[in-house]
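Okay, structure first, notes after.
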Amino acid sequence: MEIQDIPYQVERVVPGMRYGDQRRAMVAEQVAARGLTNPEILRAMEIVPREQFVSTSLQEMAYLDQPLPIGHGQTISQPYIVAFMAEAAQLQPTDHVLEIGTGSGYGAAVLGQLCGAVDTVEIDPDLAARARGVLQAMGMRNVTSWVGDGAKGWSYAAPYDAIIVTAASDHVPAPLLEQLRVGGRLIIPIEENGVQRLVRISKTTGGFVREELIPVQFVSFRTTGVL
Ligand code: SAH
């Protein structure tokens, strides 16, 4: 099937629609319509039930085009941004991916649909425990959740084919570059002069290649206070 044949029409996410219908509308309207047409990513976004990763009181808002609060001052990312990061990471089905900033676990679940194995690291033990419970209940056996400071990466399972960071930093932590395999991609929001941009850093035999992608708005990387 040609990509342009995929029948993604623009539909509106309407509160009260069943979650499956809301999810299909979200994929069509917020992801495919904006030019992210990788069929694997669209399929993954259609499978993962975003409403399970937010509190009961926010479930009706789960498919709106925005981040949502998940407690502890943190947010679940906007669906389009989750898809954009997955696309930017140029993922293959056999890839072993490291995610920094588990948050709700939603991004990790999407990555788990796309890759062979995902390790995800969260600095806040309460958020990590909650995310782990949801991922286990969903049967995501290829996603492993850890508590730690993601600025150090997760050396135990390195090197990774891709590393995806979901909190903004003013610099690229060196351990993340070290833990990429040659050919690997790091996707990270970098904040400079109050503006955040998503950056892709590819590790090649000749060194690192840095590309600036799109402006973004993530919560800041936390370095102290939790662990
Ligand atoms: N991917 C998440 C988005 C989470 S928001 C989702 O889909 O829900 C960013 C997360 O990064 C927050 O949960 C925050 O606690 C976490 N975080 C911030 N600094 C961190 C650090 N140094 N190490 C690991 N996680 C961190």
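The values are calculated or read from the model by the stated rules, or taken from the named source; none is laboratory data. It should be emphasised that the depicted structure is a prediction, and the values quoted were computed from it without experimental measurement. Don't worry about glycine lacking a Cβ; one is built from the backbone with ideal geometry, like all the others, and counts go over all protein chains shown. Heavy atoms of the whole protein, side chains included, go into the accessibility calculation; ligands, DNA and RNA do not. Shrake-Rupley method; radii C 1.70, N 1.55, O 1.52, S 1.80 Å.
Brief remarks follow.
- Taken as a whole, the condition of being part of a loop (DSSP other than H, G, I, E, B), within 10 Å of the ligand (Cβ to nearest atom) and either free of Cβ contacts under 8 Å to residues at least 40 places away in the same chain or not aromatic (F, W, Y) (or both) does not apply to T94.
- Condition check for I190: within 16 Å of the ligand (Cβ to nearest atom) and either touching a Lys or Arg at 6+ places or on another chain (Cβ under 7 Å) or on the phi > 0 side of the Ramachandran plot (or both): yes
- For region 205-216, the condition of being at positive phi, surrounded by 12 or more Cβ atoms within 10 Å (Cβ to Cβ), assigned to a strand (DSSP E or B) and not polar (S, T, N, Q) holds for none of the residues.
- Residue match in region 168-181 (condition: open to solvent by 30 Å² or more (accessible area, probe 1.4 Å), more than 14 Å from the ligand (Cβ to nearest atom), at pLDDT 95 or above and not aliphatic (A, V, I, L, M)): yes
- Against the conditions (1) open to solvent by less than 10 Å² (accessible area, probe 1.4 Å); (2) under 11 Å from the mean Cα position of the chain (by Cα); (3) more than 8 Å from the ligand (Cβ to nearest atom), Y160 satisfies every one except (2).
- Residues in region 150-203 that are of a type in the set (D, E) and without any contact (Cβ under 8 Å) to a residue 24 or more places away in the chain: 2 in all.
- The one condition from (1) more than 9 Å from the ligand (Cβ to nearest atom); (2) open to solvent by 20 Å² or more (accessible area, probe 1.4 Å) that V147 does not meet is (1).
- Within region 129-148, residues that are charged (D, E, K, R) reach partners that are surrounded by 16 or more Cβ atoms within 10 Å (Cβ to Cβ) with beta carbons closer than 6 Å, at six or more positions or on different chains, in the pairs R132/S145.
- Residues of region 204-213 that are closer than 14 Å to Q90 by Cβ and free of Cβ contacts under 8 Å to residues at least 60 places away in the same chain: T204, V209, E211.
- Checking T102, T56 one by one, the residue that is free of Cβ contacts under 8 Å to residues at least 24 places away in the same chain and either more than 12 Å from the ligand (Cβ to nearest atom) or within 10 Å of the chain's Cα centre (by Cα) (or both) is T56 and no other.
- Any hit, region 37-47, residues being open to solvent by less than 60 Å² (accessible area, probe 1.4 Å), assigned to a loop (DSSP other than H, G, I, E, B) and over 30 Å from G133 (Cβ atoms): yes
- Qualifying positions in region 105-144 - more than 13 Å from the ligand (Cβ to nearest atom) and of a type in the set (V, I, T): T144
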